[in-house]
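The values are calculated or read from the model by the stated rules, or taken from the named source; none is laboratory data. Everything numeric here is computed off the predicted structure, so don't read it as measured data. FYI the Cβ positions are ideal-geometry reconstructions off the backbone, even for glycines, and counts take in every protein chain you see. Ligands, DNA and RNA are stripped out before the accessible areas are found, and what is left, the full protein with its side chains, is counted by its heavy atoms. Shrake-Rupley method; radii C 1.70, N 1.55, O 1.52, S 1.80 Å.
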Amino acid sequence: MMGHSHALSGAVGWMAVVPLLDGTEILGTTFHMGPGEIIAGALVCAGAALIPDLDHKSATITQTYGALTQTLGAFMNWVFGGHRNGTHSLLFAVIMGAIAQSLALWSEMAVQVFVFLLVGIAFNGLGLGLDKNRTAAGVINALLTAGVTLALYSAGTDYAWMGAAVAFGCLLHFVGDMATHMGVPLLWPFTGYRVGQNVGFKTDGKIERNVVTPALTIAIVIYSFYLFDWPELLPEI
Ligand SMILES: [Zn+2]
């Protein structure tokens, strides 16, 4: 799938699980999912849904922060054995989730920086960086990212769910790739067998452009109505 479809699927996926997570206790942590957690989680999950393609040098995410993401991407490509290999495995999702959760537990500052980077990646992936005028798009993206991160910070957003959102974003990426012809080596490094290869629709083909992307966009709108009780905000007739 294309970067923007992956990013959209991350946001939709998070919005779909939020009602299930709210109030549940996992490993001694009770999750409270208020508006800040819903928005932060949707953006973190959208950004995380692009992480597996960091191993490809022309992927949206690899280009997001210039030399920083390019170097990280080259490193990932080397560690995980080339494009769409180890970075598209269940093991990778677990590792990324563990790193993100450790950051959240380790320092509040670290988690803010991490959220900032992921929100920027999400916005870039959703298409804010695809404008013809790259400099302007970059500035708008940076301002928006900074604004959103700051707003989430001042709202006292709780990041207890950080690891779960990152791992879930990676898993949604695999689902997206399995839905296209690519196939994903889920059980790497034990076996390189690609689940879902040659089944599904073509990347950036008619189905992705005319069905999948619009459906994901509509799902975000519907979930927003549902999660934020928007109809209640409308004036009574
Ligand atoms: Zn991929």
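The table that follows gives values for the structure above.
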| read-out | value |
| --- | --- |
| Any hit, region 129-139, residues being more than 25 Å from Glu208 (Cα to Cα), β-branched (Val, Ile, Thr), more than 16 Å from the chain's Cα centre (by Cα) and in a helix (DSSP H, G or I) | yes |
| Criterion violated by Ser89 - all others in (1) out of contact with any helix residue (DSSP H, G or I) (no Cβ under 7 Å at 6 or more places or on another chain); (2) open to solvent by 20 Å² or more (accessible area, probe 1.4 Å); (3) not basic (Lys, Arg) satisfied | (2) |
| In region 158-197, the residues that are assigned to a loop (DSSP other than H, G, I, E, B), more than 16 Å from the ligand (Cβ to nearest atom) and either of a type in the set (Asp, Glu) or crowded, with 21+ Cβ neighbours inside 10 Å (or both) | Asp158, Tyr159, Trp161 |
| Only one of Gly36, Gly3, Gly10 that is at pLDDT below 90, in contact with a helix residue (DSSP H, G or I) (Cβ under 7 Å, 6 or more places away or on another chain) and under 21 Å from Gly183 (Cβ atoms) | Gly3 |
